[in-house]
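The values are calculated or read from the model by the stated rules, or taken from the named source; none is laboratory data. These numbers come from a predicted model, not from an experiment. So basically every Cβ, Gly included, is an ideal-geometry build from the backbone, and we count neighbours across all protein chains shown. Please note that ligands, DNA and RNA were not included when accessible areas were found on the heavy atoms of the full protein model with its side chains. Shrake-Rupley method; radii C 1.70, N 1.55, O 1.52, S 1.80 Å.
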Amino acid sequence: MALLFPRLAFPDDRLALQVGDAALSYAQLARAAGGHAARLAELDVQPGDRVAVWTQPDVATLVALVGHALAGVTSVPLNPKLGPRELGHILSDAAPAHVFAADPAAVADRTPDAKPLPHREAEAPRRAVDEAPLLLLYTSGTTGMPKGALIPARAVAANLDGLARAWAWTDADEVVHALPLFHVHGLVLGAFGSLRVGGALRYVPRFSPEAIAAALDAGGTMLFAVPTMYHRLADAGEADPALAKALAGARLLVSGSAGLPVREHRRIEALAGRGVHERYGLTETLINCAVRASGPPRPGYVGPPLDGVELRLVDDDRQPLDARDDATLGEVAVRGPSVFLGYLNRPDATAAVRDEEGWFYTGDLATRTADGAIRIVGRRSVDLIKTGGYKVGAGEVEACLLEDPGVAEVAVVGLPDEDLGERIVAFVVPRDAATPPDPAALIDAVAKGLTPHKRPREVRFVSALPRNAMGKVQKKKLHADPSG
Ligand code: MCA
Ligand code: AMP
């Protein structure tokens, strides 16, 4: 039987997880995750059931996520900052059998029945690389509330093995990251990736350049981060040589979740004496492309497809484009074992992104070079925003803002931002121009109802939204003339 986490089946005293002062060896992690699995069995949770866990950034949460994986239960990771509006949607869609939290008091306002995570030990079950859903991850679309992507163990294993080859990632590596545990980047790559190769994870619960430097200095060999973090590391490193030295000590710096501007590549290279290897992926497909560690970084490019990933560029009719001229633009389509099972309860949405031949249409626009490297240049939809590496749908933010009686119309767009990549800006037509709603209250409604990273950083009042002859809002005009 092919195992999902081989080292946990034959655990030893090697370091598995370090979070702050808490460290667990593989032997300790296996017993603690086994303890959580035993608790699930007592609660009569069966393999295939869904169980939610608030992903508070601590070691107990990581243990629970591993316990679910080993028990064959589908984890529904919850962003600890989710507000009632988005949380209500997720809980009614996912219908988890139980909700767990390392610190139930911190989430009692939203889930009074959240169960504490047990501190007990038992022998760990073994998890095969199977077709059963390992994770249900909520991801935003252009309209409506986020959709739950069902990701099988098979996809996670195939993708991590492809990444291990691309990055020469072995059990000698120690990954450092400060990413949230409710998305692919932090959870699948950062946490499950380390465990699958049998290496260590040094998890930083709260991002700061200093905390990243400390984890690298403690033995980290690889850093996984989003462009906003590299931007902040560059700012801090230019002022503090100790930080630059810590970055220089890693063997591989990896960026993903959004494009890393060439400017930031150059800044990191100047500081660390080494550049950043970029990779590109989506929640639904996991990682598709990566610049290989065996060669130098390639600013502006996300590299060729991973082994096992079939990739093509297609035109508006989804017909393949053969061009390898780094100029012809096409939508990225991918196929292979890393592609998800579908969206929970949304066969319509699944059919819209995946065809009968198994091709998944990403919505990302790219070019391809003669040697197969992909350059991501944009997205098909102006209604998808990437801010700080988080995907946010304009529609979910607009729906939330329209609940305010003072808002007559609203259009949400992502405008270029040096730190966040894109900054969410809401163009609001007030119902009464003489008494417009309080911008801080509008921002708060999104931060508290959905989640803080979806909040507009700015509200601009306009007398009307630009519309075409059909009455459709022309968001491109708001991009071009952000004064409205
Ligand atoms: C601010 N806060 C508020 C409000 N405003 N709380 C309530 N009401 C408000 N009005 C709080 C926030 O909760 C937070 O609290 C603090 O203020 C700062 O928030 P913010 O300014 O939003 O944080 P930031 O500094 O902008 O965060 C930058 C970041 C973050 C750390 C880079 O964006 C981040 O972690 N990004 C990672 C995204 C990611 O992992 N994406 C992967 C998707 P407090 O101070 O308590 O924290 S997976 C994917 O994309 C694919 C597969 C791929 O390719 O990887
Ligand atoms: P998510 O749905 O949060 O998983 O975000 C997936 C999206 O992030 C992709 O469709 C891309 O638009 C974007 N993305 C991820 N990695 C990169 C990258 N290296 N360069 C450009 N865009 C990226």
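Given the options V73, V66, V53, name the one that is in contact with a helix residue (DSSP H, G or I) (Cβ under 9 Å, 6 or more places away or on another chain), without any contact (Cβ under 8 Å) to a residue 40 or more places away in the chain and closer than 17 Å to V188 by Cβ.
On the way: V66 fails: without any contact (Cβ under 8 Å) to a residue 40 or more places away in the chain; V53 fails: without any contact (Cβ under 8 Å) to a residue 40 or more places away in the chain.
Testing whether each residue is in contact with a helix residue (DSSP H, G or I) (Cβ under 9 Å, 6 or more places away or on another chain), without any contact (Cβ under 8 Å) to a residue 40 or more places away in the chain and closer than 17 Å to V188 by Cβ leaves just V73.
Anything in segment 236-252 that is within 24 Å of A168 (Cα to Cα) and either open to solvent by 10 Å² or more (accessible area, probe 1.4 Å) or assigned to a helix (DSSP H, G or I) (or both)? List them, or say none. Working first, answer last.
Initially, segment 236-252 is screened for residues within 24 Å of A168 (Cα to Cα), giving 244-252.
Matches in segment 236-252: A244, K245, A246, L247, A248, G249, R251.
When you go through V276, V262 one by one, which is the residue that is within 16 Å of ligand 2 (Cβ to nearest atom), open to solvent by 10 Å² or more (accessible area, probe 1.4 Å) and either more than 25 Å from R14 (Cα to Cα) or basic (K, R) (or both)?
Values: V276 fails: open to solvent by 10 Å² or more (accessible area, probe 1.4 Å).
Within the list V276, V262, the selection yields V262.
Name the residue, out of E356, E403, E418, that is within 13 Å of ligand 1 (Cβ to nearest atom), more than 25 Å from V188 (Cα to Cα) and surrounded by fewer than 17 Cβ atoms within 10 Å (Cβ to Cβ).
Values: E356 fails: within 13 Å of ligand 1 (Cβ to nearest atom); E403 fails: within 13 Å of ligand 1 (Cβ to nearest atom).
Step by step, each of E356, E403, E418 is checked, and only E418 is within 13 Å of ligand 1 (Cβ to nearest atom), more than 25 Å from V188 (Cα to Cα) and surrounded by fewer than 17 Cβ atoms within 10 Å (Cβ to Cβ).
Before we move on, is E398 farther than 25 Å from G421 by Cβ, acidic (D, E) and open to solvent by 20 Å² or more (accessible area, probe 1.4 Å)? So that I can check it myself, show each step before the final result.
Values: farther than 25 Å from G421 by Cβ: no; acidic (D, E): yes; open to solvent by 20 Å² or more (accessible area, probe 1.4 Å): yes.
Judged against the criteria, E398 is not a match.
Is it the case, given these coordinates, that A211 is within 15 Å of ligand 1 (Cβ to nearest atom), more than 24 Å from P304 (Cβ to Cβ) and modelled with pLDDT of 95 or more? Let's see the steps before the verdict.
Working: within 15 Å of ligand 1 (Cβ to nearest atom): yes; more than 24 Å from P304 (Cβ to Cβ): yes; modelled with pLDDT of 95 or more: yes.
Yes.
Residue under question is S140, and the condition is that it be within 12 Å of ligand 1 (Cβ to nearest atom), out of contact with any His (no Cβ under 9 Å at 6 or more places or on another chain) and of a type in the set (S, T, N, Q); does it hold? Explain how you work it out, then say what you get.
On the way: within 12 Å of ligand 1 (Cβ to nearest atom): yes; out of contact with any His (no Cβ under 9 Å at 6 or more places or on another chain): yes; of a type in the set (S, T, N, Q): yes.
Spelling it out, S140 is indeed within 12 Å of ligand 1 (Cβ to nearest atom), out of contact with any His (no Cβ under 9 Å at 6 or more places or on another chain) and of a type in the set (S, T, N, Q).
For segment 344-371, which positions are within 16 Å of ligand 2 (Cβ to nearest atom) and under 26 Å from Y230 (Cβ atoms)?
Keep residues of segment 344-371 that are within 16 Å of ligand 2 (Cβ to nearest atom), which gives 344, 346, 349-350, 352-354, 359-369.
Listed by number, the residues that qualify are T362, G363, D364, L365, A366, T367, R368, T369.
Cβ-Cβ distance below 8 Å, separation of 6 or more or different chains: which pairs start in segment 159-184 with a residue that is assigned to a helix (DSSP H, G or I) and open to solvent by less than 10 Å² (accessible area, probe 1.4 Å) and end on one that is of a type in the set (A, V, I, L, M, F, W, C) and more than 14 Å from ligand 1 (Cβ to nearest atom)?
L160/V197; L163/W169; A166/A293; W167/M222; W167/L252; W167/A293
Restricting attention to segment 359-371, which residues are of a type in the set (D, E, K, R) and within 16 Å of ligand 1 (Cβ to nearest atom)?
If we filter segment 359-371 for residues that are of a type in the set (D, E, K, R), which is where we start, we get 364, 368, 371.
Within segment 359-371, D364 is the sole residue that qualifies.
Filter segment 1-34 down to residues that are free of Cβ contacts under 8 Å to residues at least 12 places away in the same chain and either acidic (D, E) or part of a strand (DSSP E or B) (or both), then give me how many there are. Break it down stepwise before answering.
First pass over segment 1-34, keeping only residues free of Cβ contacts under 8 Å to residues at least 12 places away in the same chain: 10, 21, 23.
Next, from what is left, pick out any that are either acidic (D, E) or part of a strand (DSSP E or B) (or both): 21, 23.
Final tally of qualifying residues: 2.
Report whether or not A349 is of a type in the set (A, V, I, L, M, F, W, C), modelled with pLDDT of 95 or more and surrounded by fewer than 19 Cβ atoms within 10 Å (Cβ to Cβ). Reasoning before the result, please.
Numbers: of a type in the set (A, V, I, L, M, F, W, C): yes; modelled with pLDDT of 95 or more: yes; surrounded by fewer than 19 Cβ atoms within 10 Å (Cβ to Cβ): yes.
Answer is yes for this residue.
When you look at T387, is it away from ligand 1 (no atom under 16 Å from the Cβ), open to solvent by less than 20 Å² (accessible area, probe 1.4 Å) and under 21 Å from V184 (Cα atoms), yes or no? Talk me through it step by step, then tell me what you get.
Working: away from ligand 1 (no atom under 16 Å from the Cβ): no; open to solvent by less than 20 Å² (accessible area, probe 1.4 Å): yes; under 21 Å from V184 (Cα atoms): yes.
Spelling it out, it is not the case that T387 is away from ligand 1 (no atom under 16 Å from the Cβ), open to solvent by less than 20 Å² (accessible area, probe 1.4 Å) and under 21 Å from V184 (Cα atoms).
Specify which of the listed residues (A411, A469, A434) is in a strand (DSSP E or B) and either open to solvent by less than 30 Å² (accessible area, probe 1.4 Å) or free of Cβ contacts under 8 Å to residues at least 12 places away in the same chain (or both). Lay out the reasoning, then the answer.
Values: A469 fails: in a strand (DSSP E or B); A434 fails: in a strand (DSSP E or B).
Testing whether each residue is in a strand (DSSP E or B) and either open to solvent by less than 30 Å² (accessible area, probe 1.4 Å) or free of Cβ contacts under 8 Å to residues at least 12 places away in the same chain (or both) leaves just A411.
Can you go through S294, S255 and tell me which one is among the polar types (S, T, N, Q) and open to solvent by 50 Å² or more (accessible area, probe 1.4 Å)?
Working: S255 fails: open to solvent by 50 Å² or more (accessible area, probe 1.4 Å).
Result: S294 is the single residue among S294, S255 that is among the polar types (S, T, N, Q) and open to solvent by 50 Å² or more (accessible area, probe 1.4 Å).
Taking into account only those residues within segment 297-317 that are more than 10 Å from ligand 2 (Cβ to nearest atom) and outside any loop (DSSP other than H, G, I, E, B), which is most open to solvent (accessible area, probe 1.4 Å)? Walk me through how you get there before you give the answer.
Here is the first cut: in segment 297-317, the residues more than 10 Å from ligand 2 (Cβ to nearest atom) are 297-299, 304-317.
Filter again for outside any loop (DSSP other than H, G, I, E, B), leaving 305, 310-314.
Details: P305: 36, E310: 81, L311: 29, R312: 60, L313: 3, V314: 2 Å².
If we take residues in segment 297-317 being more than 10 Å from ligand 2 (Cβ to nearest atom) and outside any loop (DSSP other than H, G, I, E, B), then E310 is most open to solvent (accessible area, probe 1.4 Å).
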